[in-house]
1. Can you list the helices (runs of 4 or more DSSP H) lying wholly within the stretch 1-64 that have 2 or more residues being closer than 22 Å to residue 162 by Cα and out of contact with any helix residue (DSSP H, G or I) (no Cβ under 7 Å at 6 or more places or on another chain)?
2. So, of the residues in the stretch 67-83 that are modelled with pLDDT under 95 and surrounded by 17 or more Cβ atoms within 10 Å (Cβ to Cβ), which turns out to be farthest from residue 137 (Cα to Cα)?
3. Of all residues being closer than 28 Å to residue 108 by Cβ and at pLDDT below 90 in the stretch 1-32, which is surrounded by the fewest Cβ atoms within 10 Å (Cβ to Cβ)? Just the residue, please.
4. Which of (1) touching a strand residue (DSSP E or B) at 6+ places or on another chain (Cβ under 8 Å); (2) free of Cβ contacts under 8 Å to residues at least 60 places away in the same chain; (3) farther than 10 Å from residue 77 by Cα does residue 39 not meet, given it meets every other one?
5. List the pairs whose first member sits in the stretch 43-62 and is at negative phi and surrounded by fewer than 16 Cβ atoms within 10 Å (Cβ to Cβ), whose second member is part of a helix (DSSP H, G or I) and modelled with pLDDT of 90 or more, and whose Cβ atoms are under 7 Å apart, counting only residues at least 6 apart or on separate chains?
């Protein structure tokens, strides 16, 4: 049986952290961000972790955190890293944590949002679109398959998205 937690998945820049914070406030839930939790645990940014320890180290840290959260999380809106659902074992943990909502946005919207964003190791550097579009296309079917609910975020206000997720959660019983 599902826990009443909400797990937000999607590509970087789709709004998981921003929507998650507002949603948690509207529901009187706690907001947690897996990237921020990992940075706090290891005492360095994800960019630094990628640079010093490698992506595999970071992905292993994500899986370990999800395992812990799947046992402990209660009354949480969880924003996940964009690559988290790419590991099959992570998808099982995500579903054990709660209802998985995919915040879907077009790649053009994401590229616009990330225009002045730094500190995302997979997006930093030259020719961002050339690097991100294939990654987006690879991840999109995984996000869709992993989701209990797909929320198209295009042309929706934060309020509209929050109301839509609340309706989905009204159908989930503890």
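1. Numbers: elements: 16-27, 34-42, 46-53.
Here the list reads 16-27.
2. My answer is 73.
3. 12
4. (1)
5. Note: pairs meeting the criteria are 45/39; 57/49.
The values are calculated or read from the model by the stated rules, or taken from the named source; none is laboratory data. Bear in mind that the values here come from a model prediction, so they are computed numbers and not experimental data. Every residue, glycine as well, gets a Cβ built from its backbone with ideal geometry; the counts of neighbours run over all protein chains shown.
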